[in-house]
Amino acid sequence: MNFDDTEDEAKFRAEAVAFLEKNLEKKDAGAGRADRSRDDFLTRAKAWQKTKAAGGFAQITWPKAIGGRGGTPIQQVIWNQEESKFDAPTSPFAIGLGMCVPTVIAFGSDEHKQRFVPKALVGDEIWCQLFSEPAAGSDVAGLKTKAVKDGDDWVINGQKVWTTGAQFSDYGIVLTRTDPDVPKHKGLTMFIVNMKDPGVEVRPIHQASGGREFNEVYFTDVRIPDSDRLGDPGQGWKVALVTLMNERLAVGGSPGPDWKEIMGYARDAGTMSDGAFRAKLADWYVAAQGYKLTKFRSQTALSKGETPGPENSIGKVITANHLQDICNSAVEMQDHYGIISDRDKAPAEAIFQESLMWAPGLRIAGGTDEILKNIIAERVLGLPQDVRVDKDKAFSEM
Amino acid sequence: MDFDFSDDQKFLRDEARKFLEAQCTSAVVRNVLDNDDVSHAEDLWKQVKEMGWLGAAIPEEHGGLGLGMLEMCVIAEELGRVLAPIPFSSSAFYFAEAIKQFGTDAQKSAYLPKIASGEFVGCLATSEGPGDSDAAKLKTGFSSGKVSGTKLPVTDGDIATHALVLAKDGSGASMAIVALDADGVTRTPIQTLEPTRSHAEIVFDGAAAELLGNEVGNGMTQLDSILNRAAILVAFEQVGGASRCLEMAIEYANERQAFGRPIGGYQAIKHKLADMYVKNEVARSNAYYGAWALSTDAAELPEAAAAARVAASEAFWFASKENIQTHGGMGFTWEVDCHLYYRRAKLLSVQAGAPGVWKEKLVTALERKNAA
Ligand SMILES: Cc1cc2nc3c(=O)[nH]c(=O)nc-3n(C[C@H](O)[C@H](O)[C@H](O)COP(=O)(O)OP(=O)(O)OC[C@H]3O[C@@H](n4cnc5c(N)ncnc54)[C@H](O)[C@@H]3O)c2cc1C
């Protein structure tokens, strides 16, 4: 039990901090949110990604041969810890570098790797994940978007939904149905798709939170060369699982205000003397620590070259509900005034109000609470699978 | 960073588990449960003494094994898993740690070797009535080397040879050490929710007592510190019990059939068990942090201890009650062990400060820390 860096880790951390200090502003003590709504957000994000790549800090664990640093998982963790203390606009790259490009690296050809990896790494090209559809979310293998072979091409028709970042993406990985006459998991195929193709139409979704960050994506006779297939025809589910596995590594971090922020607000507001509030604050601290320290346990395993245990699967079940609960309490503490979401008038620049509206999405994105609990129950605890009545039926017979 | 136990500590855990699974079976626990005249598992207690576990964290110069607090955490978890019906925690977590921290050199030499060997068994006597022990409410008094007053419940009070008694001392409070075979000490076993751990009412009537350490009126500060350290060890005991509840629930859910399939295939059960798992992991991680703070005497000890205690009390309570629920009617029978964990969960959550008390301590610590 020891929280100190090893000598190598300390050296790497010092290097990372020096680089960050040279290139970025520290997050201000207040709300400290990467402000996606600013017009120049994407430009700033791309510039930062380029700087980071030049400094050798983009994708630290990737091999040097493909532009990574060839570093250790623990170095990546150290980098993430330090970068999160700065005002670093990184979110446009999370899905691409965290999920899509690793899938391309795992299943793509050498040409794919040469063509796509360097540009993604320096932030010139952004990627999105085109899996979910209106009738296939949790049950994503039930998707309908069709790909039909035509000569050396595949022709894609259909609709995706909730595609994060599609509006500014250059490429995407799209999961399609290529064989409807076999059970649903067996007739899927994954492709790389050029988001600038004239047959691809992106329509931003007006979210419950008010923003328009996610999209519907329509495919009308989009031709994809067979060479841009990832994995064999019918093996799309296997490919998708690799993407989703990377998702669980990519998702995480602090999604919004936590115990410290609400404690800060309670002090200003004079509610620290309320016993009921104090009891809740204790619970929030315990949950936040539980989440953070559980990650430390996994990282310890990683740093010893072991496979982390299943404990990491508790992450989003805790954080999403935790965020919703904290924001709800902060708004209720403000009484009638709590309904104000104007950043100039609301306490803490309306961070609690905004996160309250974002929290429901977090409980759904990347696997709903219910699906995550199923996964814990089935894969970690070894309980029987849910009944899956469609498992052995051909998709076309459903 | 190395946020895990070492290989040696894991080896100790495996050995302890093997030993306890063989020697502290359900039948051993039930022998204490079902017999009013059996206060603890004597054979098990004898073997535990012989292995030196009581002195795991006592320095060799005072007759202990001189291992450390992390090893004690490992042992605590294992004792918690099997509901060991022995006065281990009273003697090792509370009494010995108090002497180690606040005892004079003479007290250390007098008590630690005998606690380590098991010749002396210590206990902590603070409670006098409903509610948290605070100086203002204390009725038991300590003056001119004598203690008078009534303490209840005292965990292991009828088994122990010595008690650490919180008593009013002039305008403040002190901690006093009392030999329980002295004149003026009357002990009566009392009925509690948790009969596998013995409890007594102790009446002191001018019993000879010696001050812990050499500073009068320091009792509340000492107690606070004693409880912080013990809290982390108790949290490991709780995590052990909670883990065992989850295992029992999984086993039963896989085996028990209803409506043509195992009940573990139904989401109401699956999600309940997933919730248990999440709470248990939160508790385990907080307990590990406590272990780190304890073993390094970190400045973070107060908040780490309180967080460990709050998380572990919640996890064990939840796991023990939902384990009964998962077992259905069988879970409500005396024969099935579920209720033993439910009883132990309740004892450990109220002993030496209920969750509300620890939550308040936690927030106070956070305020202190974030004021600077
Ligand atoms: C903010 C946000 C960003 C997203 N970004 C992307 C993206 O970039 N790319 C992408 O492909 N997708 C994305 N998604 C889609 C996301 O993956 C799906 O919304 C999610 O998987 C849930 O699917 P659904 O919306 O169809 O809900 P449904 O699957 O219809 O679920 C509805 C309700 O039923 C429950 N339910 C469903 N099945 C079960 C079951 N077996 N057992 C118990 N309960 C069940 C769910 O938990 C939920 O409560 C995003 C979603 C959000 C909200």
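Which members of the range B:345-372 meet the condition of being touching a Ser or Thr at 6+ places or on another chain (Cβ under 7 Å) and at pLDDT below 95?
Answer for the range B:345-372, where residues must be touching a Ser or Thr at 6+ places or on another chain (Cβ under 7 Å) and at pLDDT below 95: just B:Q351.
Do we find that B:Q222 is crowded, with 17+ Cβ neighbours inside 10 Å, touching a Phe, Trp or Tyr at 6+ places or on another chain (Cβ under 7 Å) and within 14 Å of chain A (Cβ to nearest Cβ) in this structure? Show your work before the answer.
Working: crowded, with 17+ Cβ neighbours inside 10 Å: yes; touching a Phe, Trp or Tyr at 6+ places or on another chain (Cβ under 7 Å): yes; within 14 Å of chain A (Cβ to nearest Cβ): no.
It is false that B:Q222 is crowded, with 17+ Cβ neighbours inside 10 Å, touching a Phe, Trp or Tyr at 6+ places or on another chain (Cβ under 7 Å) and within 14 Å of chain A (Cβ to nearest Cβ).
So which of B:P113, B:P153 is touching a strand residue (DSSP E or B) at 6+ places or on another chain (Cβ under 8 Å) and either surrounded by fewer than 22 Cβ atoms within 10 Å (Cβ to Cβ) or closer than 25 Å to B:S198 by Cβ (or both)?
Details: B:P113 fails: touching a strand residue (DSSP E or B) at 6+ places or on another chain (Cβ under 8 Å).
The unique qualifying residue is B:P153.
All but one of (1) among the charged types (D, E, K, R); (2) touching a Phe, Trp or Tyr at 6+ places or on another chain (Cβ under 8 Å); (3) more than 16 Å from the ligand (Cβ to nearest atom) hold for A:K184; state the number of the condition that does not hold.
Of everything listed in (1) among the charged types (D, E, K, R); (2) touching a Phe, Trp or Tyr at 6+ places or on another chain (Cβ under 8 Å); (3) more than 16 Å from the ligand (Cβ to nearest atom), A:K184 misses just condition (3).
Would you check if there is a residue in the range A:366-378 being under 30 Å from A:F131 (Cβ atoms), more than 21 Å from the chain's Cα centre (by Cα) and either modelled with pLDDT of 90 or more or in the same structural domain as A:G275 (by TED's automatic domain parsing) (or both)? Please lay out each step first, then the result.
Initially, the range A:366-378 is screened for residues under 30 Å from A:F131 (Cβ atoms), giving A:366-378.
Still in the list and also more than 21 Å from the chain's Cα centre (by Cα): A:377-378.
Still in the list and also either modelled with pLDDT of 90 or more or in the same structural domain as A:G275 (by TED's automatic domain parsing) (or both): A:377-378.
Checked against the condition, which is being under 30 Å from A:F131 (Cβ atoms), more than 21 Å from the chain's Cα centre (by Cα) and either modelled with pLDDT of 90 or more or in the same structural domain as A:G275 (by TED's automatic domain parsing) (or both), the range A:366-378 yields at least one hit.
Quick check on my filter: what residues within the range A:364-390 are within 14 Å of another protein chain (Cβ to nearest Cβ) and among the charged types (D, E, K, R)?
Start the filter on the range A:364-390 by keeping residues that are within 14 Å of another protein chain (Cβ to nearest Cβ), which leaves A:367-389.
Within the range A:364-390, A:D369, A:E370, A:K373, A:E378, A:R379, A:D386, A:R388 qualify.
List the pairs whose first member sits in the range B:17-45 and is outside the structural domain of B:C245 (by TED's automatic domain parsing), whose second member is among the acidic types (D, E) and assigned to a helix (DSSP H, G or I), and whose Cβ atoms are under 6 Å apart, counting only residues at least 6 apart or on separate chains?
B:R17/B:E78; B:L20/B:E78
Out of curiosity, is A:I66 of a type in the set (A, V, I, L, M) and modelled with pLDDT under 95? Write out each step before concluding.
Working: of a type in the set (A, V, I, L, M): yes; modelled with pLDDT under 95: yes.
When the stated conditions are applied, A:I66 passes them.
Would a scan of the range B:344-357 turn up a residue that is out of contact with any Asp or Glu (no Cβ under 8 Å at 6 or more places or on another chain), within 29 Å of A:K316 (Cα to Cα) and at the interface with another protein chain (Cβ under 10 Å from one of its Cβ atoms)?
First pass over the range B:344-357, keeping only residues out of contact with any Asp or Glu (no Cβ under 8 Å at 6 or more places or on another chain): B:345, B:349-352, B:356.
Pick out the ones that are also within 29 Å of A:K316 (Cα to Cα) and you get B:345, B:349, B:356.
With at the interface with another protein chain (Cβ under 10 Å from one of its Cβ atoms) added as a condition, the list becomes B:356.
Yes - at least one qualifying residue is present in the range B:344-357.
Is it true that some residue in the range B:35-45 is assigned to a helix (DSSP H, G or I), surrounded by fewer than 16 Cβ atoms within 10 Å (Cβ to Cβ) and in contact with a helix residue (DSSP H, G or I) (Cβ under 8 Å, 6 or more places away or on another chain)?
Step one: filter the range B:35-45 for residues assigned to a helix (DSSP H, G or I), giving B:42-45.
Checking which are surrounded by fewer than 16 Cβ atoms within 10 Å (Cβ to Cβ) leaves us with B:42-43.
If we keep only those that are in contact with a helix residue (DSSP H, G or I) (Cβ under 8 Å, 6 or more places away or on another chain) too, we end up with B:43.
Taking every residue of the range B:35-45 in turn, at least one turns out to be assigned to a helix (DSSP H, G or I), surrounded by fewer than 16 Cβ atoms within 10 Å (Cβ to Cβ) and in contact with a helix residue (DSSP H, G or I) (Cβ under 8 Å, 6 or more places away or on another chain).
Which members of the range B:264-281 meet the condition of being more than 16 Å from the ligand (Cβ to nearest atom) and either more than 7 Å from chain A (Cβ to nearest Cβ) or more than 30 Å from the chain's Cα centre (by Cα) (or both)?
B:M276, B:K279, B:N280
Might you let me know whether the range B:74-89 holds any residue that is closer than 29 Å to B:Y288 by Cβ, over 15 Å from the mean Cα position of the chain (by Cα) and part of a helix (DSSP H, G or I)?
Filtering the range B:74-89 for residues closer than 29 Å to B:Y288 by Cβ gives B:74-89.
From what is left, the residues that are over 15 Å from the mean Cα position of the chain (by Cα) are none.
No: zero hits.
For the structure I just gave you, tell me whether B:S127 is under 22 Å from B:A235 (Cα atoms), hydroxyl-bearing (S, T, Y) and surrounded by 18 or more Cβ atoms within 10 Å (Cβ to Cβ). Walk me through how you get there before you give the answer.
Numbers: under 22 Å from B:A235 (Cα atoms): yes; hydroxyl-bearing (S, T, Y): yes; surrounded by 18 or more Cβ atoms within 10 Å (Cβ to Cβ): yes.
Yes.
Among the residues of the range B:181-199, how many are without any contact (Cβ under 8 Å) to a residue 24 or more places away in the chain and among the aliphatic types (A, V, I, L, M)?
Going through the range B:181-199 one residue at a time, the tally reaches 1.
Of the residues that sit in the range B:234-263 and are part of a strand (DSSP E or B) and away from the ligand (no atom under 16 Å from the Cβ), which one is surrounded by the most Cβ atoms within 10 Å (Cβ to Cβ)?
B:P262
Residue under question is B:S320, and the condition is that it be away from the ligand (no atom under 16 Å from the Cβ), assigned to a helix (DSSP H, G or I) and within 9 Å of another protein chain (Cβ to nearest Cβ); does it hold? Before you say what the answer is, go through the steps one by one.
Values: away from the ligand (no atom under 16 Å from the Cβ): yes; assigned to a helix (DSSP H, G or I): yes; within 9 Å of another protein chain (Cβ to nearest Cβ): no.
No.
Listed here are the residues, each with its yes/no results for (1) modelled with pLDDT under 95; (2) more than 14 Å from chain B (Cβ to nearest Cβ); (3) under 29 Å from A:Q59 (Cα atoms); (4) part of a helix (DSSP H, G or I).
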site: A:V239; (1), (2), (3), (4): no, yes, yes, yes
site: A:L244; (1), (2), (3), (4): yes, yes, yes, yes
site: A:S254; (1), (2), (3), (4): yes, yes, yes, no
site: A:T271; (1), (2), (3), (4): yes, no, no, no
site: A:R278; (1), (2), (3), (4): no, no, no, yes
site: A:V286; (1), (2), (3), (4): no, no, no, yes
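Please determine, by comparing only the residues of the range B:282-299 that are touching a residue at least 12 places away in the same chain (Cβ under 8 Å), more than 23 Å from A:I375 (Cβ to Cβ) and more than 7 Å from chain A (Cβ to nearest Cβ), which one is surrounded by the fewest Cβ atoms within 10 Å (Cβ to Cβ).
Selected residue: B:A293.
Check the range B:302-315 and report whether any residue there is touching a Leu at 6+ places or on another chain (Cβ under 6 Å), within 14 Å of chain A (Cβ to nearest Cβ), more than 22 Å from B:L223 (Cβ to Cβ) and in a helix (DSSP H, G or I).
Looking through the range B:302-315, none of the residues is touching a Leu at 6+ places or on another chain (Cβ under 6 Å), within 14 Å of chain A (Cβ to nearest Cβ), more than 22 Å from B:L223 (Cβ to Cβ) and in a helix (DSSP H, G or I).
Would you please name the residue that is nearest to the ligand (Cβ to nearest atom), looking only at residues in the range A:114-139 that are within 30 Å of A:M398 (Cβ to Cβ) and of a type in the set (D, E)?
Step one: filter the range A:114-139 for residues within 30 Å of A:M398 (Cβ to Cβ), giving A:128-139.
Within this subset, residues satisfying the condition of being of a type in the set (D, E) are A:133, A:139.
On the way: A:E133: 8, A:D139: 6 Å.
Only one residue fits best here, namely A:D139.
Just to check your reading of the model, which residue among A:A16, A:A10 is more than 26 Å from A:A348 (Cα to Cα), modelled with pLDDT of 90 or more and within 14 Å of another protein chain (Cβ to nearest Cβ)? So that I can check it myself, show each step before the final result.
Numbers: A:A16 fails: within 14 Å of another protein chain (Cβ to nearest Cβ).
None of the other options fit; the residue is A:A10.
Out of the residues in the range A:140-159 meeting the condition of being within 16 Å of the ligand (Cβ to nearest atom) and either within 14 Å of another protein chain (Cβ to nearest Cβ) or in contact with a helix residue (DSSP H, G or I) (Cβ under 8 Å, 6 or more places away or on another chain) (or both), tell me which one is farthest from A:L241 (Cα to Cα).
Among them, the one singled out is A:G142.
Could you list all residues from the range B:96-109 that are assigned to a helix (DSSP H, G or I) and crowded, with 17+ Cβ neighbours inside 10 Å?
If we filter the range B:96-109 for residues that are assigned to a helix (DSSP H, G or I), which is where we start, we get B:96-102, B:105-109.
Matches in the range B:96-109: B:A96, B:E97, B:A98, B:I99, B:K100, B:F102, B:Q107, B:K108.
Taking A:T103 as the residue in question, decide whether it is in contact with a helix residue (DSSP H, G or I) (Cβ under 9 Å, 6 or more places away or on another chain), polar (S, T, N, Q) and either under 18 Å from A:K196 (Cα atoms) or crowded, with 21+ Cβ neighbours inside 10 Å (or both).
yes
Name every residue in the range B:11-34 that is outside any helix (DSSP H, G or I) and polar (S, T, N, Q), in order of residue number. Steps first, answer last, please.
Narrowing the range B:11-34 to residues outside any helix (DSSP H, G or I): B:24-25.
B:T25 - this is the single residue of the range B:11-34 that is outside any helix (DSSP H, G or I) and polar (S, T, N, Q).
Among the listed residues A:D226, A:D221, which satisfies the condition of being surrounded by fewer than 17 Cβ atoms within 10 Å (Cβ to Cβ), modelled with pLDDT of 90 or more, away from the ligand (no atom under 15 Å from the Cβ) and farther than 20 Å from A:F116 by Cβ? Give the steps one after another, and end with the answer.
On the way: A:D226 fails: farther than 20 Å from A:F116 by Cβ.
Within the list A:D226, A:D221, the selection yields A:D221.
Listed here are the residues, each with its yes/no results for (1) under 30 Å from B:Y111 (Cβ atoms); (2) in a loop (DSSP other than H, G, I, E, B).
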| site | (1), (2) |
| --- | --- |
| B:E210 | yes, no |
| B:N214 | yes, yes |
| B:A231 | yes, no |
| B:E281 | no, no |
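The values are calculated or read from the model by the stated rules, or taken from the named source; none is laboratory data. This structure is a prediction, so every number in the text was calculated from the model and none was measured. Every residue, glycine as well, gets a Cβ built from its backbone with ideal geometry; the counts of neighbours run over all protein chains shown.
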